[in-house]
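Peer 1: This is the structure I want to talk about, given as structure tokens.
What follows draws every value from the coordinates through simple rules; no lab data is involved. Note that this is a predicted model, so its numbers are computed, not measured. Please note: Cβ atoms are built from the backbone with ideal geometry, for glycine as well, and neighbour counts cover all protein chains shown.
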């Protein structure tokens, strides 16, 4: 009766979103503050109280997540299979993380079970995020349901990234640069790290491995873009800028994740395949730059020159970074790399100029311009990455450490560029003055862009009338 009437399957998204936000807030509070509050008042065995409450909140949380998922699918078999997996995983968590007794004398024996627990949690949270985003972006109606859903997604991003960090720390203990006891202690620290990244604050894990730092940069970038994307969706329908953002995001994710992933998990035999994936995504991104440029100009000569330039850049990139056959020797790579990155930089700058003219023109505020703002923000990051990489090609020690020009240096340039744009920790304090000055210019430009965007939002009426619930 409970699930069929008072809390029926597939009903009450607003209620589920709201309940999820409340539970997320309580989980974050218990993970970050509860143990220290108990210690402050001299309560012994504070971890027992914290862990017990954490497990209780976790039980309610995963059940609410399951119930939230039932709003998005009518497949009863899928619903109950998922419920069975969640319950089995929670029972495993109770046995593994029980604060009153431990069945495993060593952390090495706990590792596989902890990995299963956090992997299932990550999959459930990621699934909820995907369905919730699709739901928010599916209809034109602006409602409290979508606002609660947006808050739910934002907090779940923090918790989901916390699960990712904990999976890495379980697979490779010590990934944060300091010893952290696996289990709820590690998960609490991962939530702390995730929240500081999302909030744009400094944290105490400056020696974390590169994979974690790069994922942190992605999370920080998401935090800066989320509000713009949300406002753009709540006002009206997206445009081609959304497709450009997909290519930009894919290029950034692959650029930041591939090399650390290969290193941390010893995936050397898959390196050629991963590099081919990056090259293909980069080629698709460049071609889409040209299709976007065609929307802004009627000058055929500019379209043709840009197309020839980008096609030449794609071909040159494959010749340079081909993981199977090295067609260009290391001694002769520099001029070809300069051609690739200068060409890409010129096209990106051209599209930035046209996009800014489009976004800040007109007397009304449309979803196209809002999506364009988010895309332009990413374009600034990628354009500065190309600029940093040009500097590295001339001086491989520009970041204070010697980088190999090509994919390794471009990956670091993407990381450094996004790091500068979101004003996160400077992980290259020994970089040359030119790089630091460019970083300063980028940070100021990012702040100026946000200020101009906010001014644009405040001074223009909405183009499409939004239907509101009474």
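Peer 1: What fraction, in whole percent, of alpha-carbon pairs in the range 237-302 exceed 18 Å separation?
Peer 2: 49 percent
Peer 1: Still on this structure: Take each of the peptides 284-297, 30-43, average the number of other beta-carbon atoms within 10 Å over its residues, and list them starting from the highest. Numbers along the way, then the final one.
Peer 2: Details: 284-297: 16.9, 30-43: 14.6.
So the peptides 284-297, 30-43, ranked by packing, come out 284-297, 30-43.
Peer 1: Based on the mean of other Cβ atoms within 10 Å per residue, sort peptides 104-115, 47-58, 214-225 so the most packed one is first.
Peer 2: Per-residue Cβ counts within 10 Å, averaged per peptide and sorted highest first, yield 214-225, 47-58, 104-115.
Peer 1: On to the next question. For the range 13-199, what relative contact order do you get, as a whole percent, if you take Cα pairs closer than 8 Å and at least 6 residues apart? Could you put the intermediate results ahead of the total?
Peer 2: On the way: 170 pairs, mean separation 51.4, N = 187.
It rounds to 28 percent for the range 13-199.
Peer 1: Quote the convex hull volume per residue of the range 29-128, based on C-alpha atoms, as a whole number of Å³.
Peer 2: 105 Å³
Peer 1: What are the radius of gyration and Dmax of the range 236-459, computed over its Cα atoms and given in Å?
Peer 2: In order Rg, Dmax, the Cα atoms of the range 236-459 give 17.8, 55 Å.
Peer 1: For a protection proxy built on the mean count of beta-carbon atoms within 10 angstrom, sort 173-181, 397-405 highest first, please. Mind showing how you got there, number by number?
Peer 2: Values: 173-181: 15.1, 397-405: 16.7.
Ranking, from highest mean packing down: 397-405, 173-181.
Peer 1: How long are the three semi-axes of the equivalent ellipsoid for the range 13-199, computed from the Cα gyration tensor as the root of 5 times each eigenvalue, in whole Å, largest first?
Peer 2: Working: eigenvalues 166, 70, 48 Å².
Three semi-axes, in Å: 29, 19, 16.
Peer 1: Can I ask one more? Counting other beta carbons within 10 Å of each Cβ, put 340, 390 in order, fewest first.
Peer 2: 390, 340
Peer 1: Rounded, prolate or oblate: which fits the range 265-395, taking a ≥ b ≥ c as square roots of the Cα gyration tensor eigenvalues, rounded meaning a/c under 1.5, else prolate when a/b beats b/c? Write out the running numbers ahead of the final one.
Peer 2: Working: a/c = 2.20, a/b = 1.80, b/c = 1.22.
Prolate.
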